[in-house]
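Notes follow once the structure below has been shown.
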Amino acid sequence: MASRRRMLLKVIILGDSGVGKTSLMNQYVNRKFSNQYKATIGADFLTKEVQFEDRLFTLQIWDTAGQERFQSLGVAFYRGADCCVLVYDVNVAKSFDNLNNWREEFLVQASPSDPENFPFVVLGNKVDVEGGNSRVVSEKKAKAWCASKGNIPYFETSAKEGINVEAAFQCIAQNALKTEPEEEIYFPDTIDVAGSGRHQRSSGCEC
Amino acid sequence: MLAEVGREDEEKWLAEGIAGLQQNAYYMGRALDTNNLRDALKYSAQMLSELRTSKLSPHKYYELYMRAFDELRKLEMYFKEETRRGVSITDLYELVQHAGNVLPRLYLLCTVGSVYITSKEAPAKDVLKDLVEMCRAIQNPVSGLFLRSYLSQISRDKLPDIGSEYEGDADSVIDAVDFVLQNFTEMNKLWVRMQYQGHVHEREKREKERNELRDLVGKNLHVLSQLESVDLVMYKETVLPRILEQVVNCKDDLAQYYLMDCIIQVFPDEYHLQTLETLLGACPQLQPTVDIKTVLGRLMDRLSNYAASSGEVLPEFLQVEAFSKLSTAIGKVIEAQVDMPIVGAITLYVSLLTFTLRVHPDRLDYVDQVLGACVKKLSGKAKLEDSKATKQIVALLSAPLEKYNDIVTALKLPNYPRVMDHLDNETNKIMAVVIIQSIMKNNTCISTADKVEALFELIKGLIRDTDGGAFDEVDEEDFKEEQNSVARLIHMLHNDDPAEMLQIISTVRKHILLGGSKRLPFTVPPLIFSALKLVRRLQIQAGDVGEDAPTTPKKIFLILNQTIEALSAVPSPELALRLYLQCAEAANDCDLEPVAYEFFTQAFILYEEEVADSKAQVTAIHLIIGTLQRMNVFGVENRDTLTHKATGYSAKLLKKPDQCRAVYACSHLFSVDDQDGIKDGERVLLCLKRALRIANAAQQMANVTRGGSGPVTLFIEILNKYLYFFENGNPQITSSVIQDLIELIMTETQSESTAADPSAIAFFNSTQRYIRFQKQKGGALGEKYEPIRV
Ligand SMILES: Nc1nc2c(ncn2[C@@H]2O[C@H](COP(=O)(O)OP(=O)(O)OP(=O)(O)O)[C@@H](O)[C@H]2O)c(=O)[nH]1
Ligand SMILES: [Mg+2]
């Protein structure tokens, strides 16, 4: 029954450390923002129910560590993602330059069946900082990059002021929904009625 | 090879695990679709049994775990639907406890527990407490860590935190914190214990795997930091002490290093500032193998970024005395870790210095204190040979220069030169160049003798040979580069007050005279020019300074004379000669005849005794003639002596053409345009005639040796001198004398034996054209030229 699976949409947020991934997620899920920086370790998700065309979905939003040394276990959690959100800080050029790396790394590691059409959404965050006076990446430049990568939807956000956060995640959910389920459908070759025997092979553990 | 096999095997085991997991997941899904709870539980337990493997590395295990994790979400959703349909969650919670194996059972319990909390049929804290206790049953490190991280994940948004919908009574806030701390503690124990498992020879592999698992443990700290209830008080009184207790007591360097790093990154700046003592207090208690310098470096980095973020937070730093706490802590760490290599200690001081420069730029005393601590650490040891350590010292010494853009500030730091003393000669020089470059870049003017003294003491590595500094090892290019930078530096030393400026010059002189033969040629000239600049300044202000003023040109000239002498002893006679002439000219401008005469005498002595190379002699003689020609201070007698000598030297040059040219140049010494006193036509003519005789002799010699072509050019050159003095109104030079010379040249150029020298002919032609032109122009000069036929 595919419908049960389709009720859960998996979203991965990637981007350099400090661009505001955690803040965006917290703003969206809990409507909270903190000025303090608290590094994310490993990967971690929050869920949020979203209503869409009269159906209820659970958005599973995975926030990841931007600092490489806090990503020691690898990225097995990319698997089965329905949408990938790339975040950069409009005030930090390097964080924009790195979007390409994050995107490619995601495509390599998650290896979606149709990489060309896998949905990404790009967020240019922290547009509130100094009234926009300290920004170094223009909207035009960001949009041009998004266009060159197959028309990735682009939003300018502020996790702090809550600008565009709701709209961005609405779009993220919408795009996640469009993705065909990745799950390789499993067909057992023999009908194992008893379901016995297999787990005895697992060894080396007393529990 | 072995690793290769291991990897292949692992792939196989993972594939088997995935296959088993998928099969059971398939049946679990079917059971869920047909609403068969019993089967769903059975298959899900079987599915989870795949996680009981101990054959997979953490990365692969994580892959398997993630698949199980995704499947469990379906089960969780089913449980939710069931409770909505009226099934009792307590019953479900009971039911899953029947699963046979512990590990699957606990995964199922956590999954139901998540729904249990959401249902609010029991207080969140009770369910969580129950679960975190039960997880103790798994003592295998890898499966235990993943199970607990599953618990942490599913409970993440259900903790009885402040403002959460699961917030219970006042105590439950503590319980949320307690729950995470307990899970953290258990996970850390599992993680640390892992190192004692398996064979000794697999230690390296095990440590690598252990390292991969670290984020599972660290994530708990992230969860804590996100809790609303972990405010400063809670952090200070409960959270931090409990984490640190775990960190210190586990006595495991891997865990200690990682967790300290986590604490610093995960909790906010204000918290660190307000708990500095506690956090820093843990540092000396860590294992000696912990890379504490990186940990503390990152802490200071964070704090200085915080200070830079807004001026408003600065009072906080002062209030908690951040600098002195950090400084003390670093001292204690260095003391405690006796085996810490020197580079580690210095790196710590660099971090502390960077911190204070950013946070307290006005506190020079702090800067000096850091440098002083460093000196203390270095003292009693021989010069540093460790290149990494010296690099850090260069960083340490460069930091204040970069910050203040002003060496003058660094010169105020008593410990600055003391640190430099600990550098090896090579690095000492590099640092000295860095200092000079900083001065150049910032156009820093060093304006007192005291500062100059301090500065030259600082860069003494460039100024003189240091003990043991083997000179021949030095690269010639590098040496030139260094000495040129010293030369440039000398130009940056200035004070408007002549007395102070003279002090500066004397100070520089004192230092550079110790430089030895290779350095003096680079360093003496800039000093001479700097002093001459001062002379010129005095001369402009002249009149109001009497003989007994502290600073007179005369005094300066005396110093100059002695300074150049050092150079001639070196020996760089040609350079010294030039400088003597330069000084003579300056003395001339100051109207100091005896001084100027003395400089000329010195130059002549050098010429006679030291300038041996014929080419150098030619250059020198023309310099002498040129300078002498410009002198106007000399009385007749002195002048005669000097011109006589100059002419004498000229006639004695090695090659005839050189002799000839020098001698006709001397003609100018007897006729100076703006000096009426010096217009001795006769002696001019004598000079020119003498030049002609030499040209003749040169030609004859050429005829003998080459059987033809002579230096006819010399005659044309002399002709031009004739024309010059002719126009100048020298009565001795008549048109007929000129006519004779023209005729002579004509015969020479047309003679059969002479292979025509095209450039000589062109020269002669243009000279003739000039004469014709003057004739045509008419006027007095034209009339004068009239008799000459060309
Ligand atoms: N002014 C402003 N600050 C923001 C905004 N979003 C995040 N920040 C701040 O930026 C810092 C970093 O934010 P995080 O959300 O922790 O960044 P991150 O991307 O999760 O960083 P990692 O976890 O290290 O990968 C915090 O101090 C936030 O308060 C924003 O929209 N505007
Ligand atoms: Mg984050």
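The values are calculated or read from the model by the stated rules, or taken from the named source; none is laboratory data. No experiment lies behind these values; they were computed from the predicted model shown. Cβ coordinates were reconstructed from backbone atoms using ideal geometry, including for glycine residues, and neighbour counts include every protein chain displayed. Surface areas here come from the heavy atoms of the whole protein model, side chains and all, with no ligands, DNA or RNA. Shrake-Rupley method; radii C 1.70, N 1.55, O 1.52, S 1.80 Å.
Some observations on this one:
- Helix axis angle, B:124-134 relative to chain B longest principal axis, alpha carbon, degrees: 90 degrees
- Sequence-separation-based contact order of the stretch A:2-182, relative, with Cα cut under 8 Å and 6+ spacing, percent: 27 percent
- Part-to-part distance (alpha-carbon centres) for the stretch B:30-106 and the stretch B:328-367, which is given in Å: 53 Å
- Checking every one of the GluC sites (Glu not before Pro) in the stretch A:1-88 against DSSP loop status and a limit of 10 other Cβ atoms within 10 Å picks out A:GLU53.
- Net lengthening on full extension, B:LYS518/B:LYS391 (0.36 nm per residue, minus Cα-Cα): 42.9 nm
- The number of Lys pairs in the stretch B:507-598 with C-alpha atoms less than 17 Å apart, excluding pairs fewer than 8 positions apart on the same chain, is 4.
- Viscosity 0.890 mPa s, temperature 25 °C, Stokes-Einstein D of the stretch B:1-119 from Kirkwood C-alpha radius, µm²/s: 165 µm²/s
- nm² value of the averaged projected area, convex hull over the Cα atoms of chain B: 56.9 nm²
- Counting all C-alpha pairs of the protein assembly as shown, share separated by more than 57 Å (%): 43 percent
- Share of carbon and sulfur in the accessible heavy-atom surface of the protein assembly as shown [1.4 Å probe, %]: 51 percent
- Note, ³J(HN,Hα) from phi for the stretch B:682-691, Karplus 6.51, -1.76, 1.60, rounded to Hz, x at Gly and Pro: 4, 6, 4, 4, 4, 4, 5, 5, 4, 4
- Cleavage-rule hits, trypsin sites (Lys or Arg not before Pro), the stretch A:1-106, DSSP coil, Cβ neighbours within 10 Å at most 16: A:ARG6, A:ARG31, A:LYS32
- Amide H contacts of A:THR58: A:LEU8, A:LEU9, A:VAL50, each under 5 Å away and 5 or more positions distant or on a separate chain (H built 1.01 Å from N in the peptide plane; Pro and chain starts excluded).
- Column: log10 I(q)/I(0), Debye, Cα scatterers of the stretch A:2-182, q = 0.14 Å⁻¹: -0.71
- Rounded Å value of the spacing that divides the Cα centres of the stretch A:33-97 and the stretch B:714-730: 93 Å
- Heavy-atom accessible area per residue - chain B, 1.4 Å, Å²: 43 Å²
- Model label sites at B:THR34 and A:GLU166, defined 7 Å from Cα along the beta-carbon direction, differ in position by 4.6 nm.
- Share of alpha-carbon pairs per 10 Å distance bin for the stretch B:123-267, given as whole %: 11, 42, 34, 11, 2, 0
- Against chain B, whose longest principal axis is taken from its Cα atoms, helix B:292-309 shows a tilt of about 80°.
- Classification of the stretch B:555-682 by its C-alpha gyration tensor yields an oblate form. The axis ratio a/c (a ≥ b ≥ c) is 1.5 or more, and b/c is at least a/b.
- Tally of Lys pairs whose C-alpha atoms are under 19 Å apart, taken over the stretch A:2-182, 8 or more apart or cross-chain: 27
- Chain B and chain A together bury an accessible surface of about 5200 square angstrom, both sides counted, with a 1.4 Å probe and no ligands or nucleic acids included.
- In summary, the lysines within cross-link reach of B:LYS12, defined as a Cα separation below 18 angstrom excluding same-chain residues under 8 places away, comprise B:LYS55, B:LYS60.
- Helix B:214-226 and the long axis of chain B differ in direction by around 90°, with both axes built from C-alpha atoms.
- Loop-located GluC sites (Glu not before Pro) across the stretch B:124-217 with a Cβ neighbour count of 13 or fewer within 10 Å are B:GLU165, with loop assigned by DSSP.
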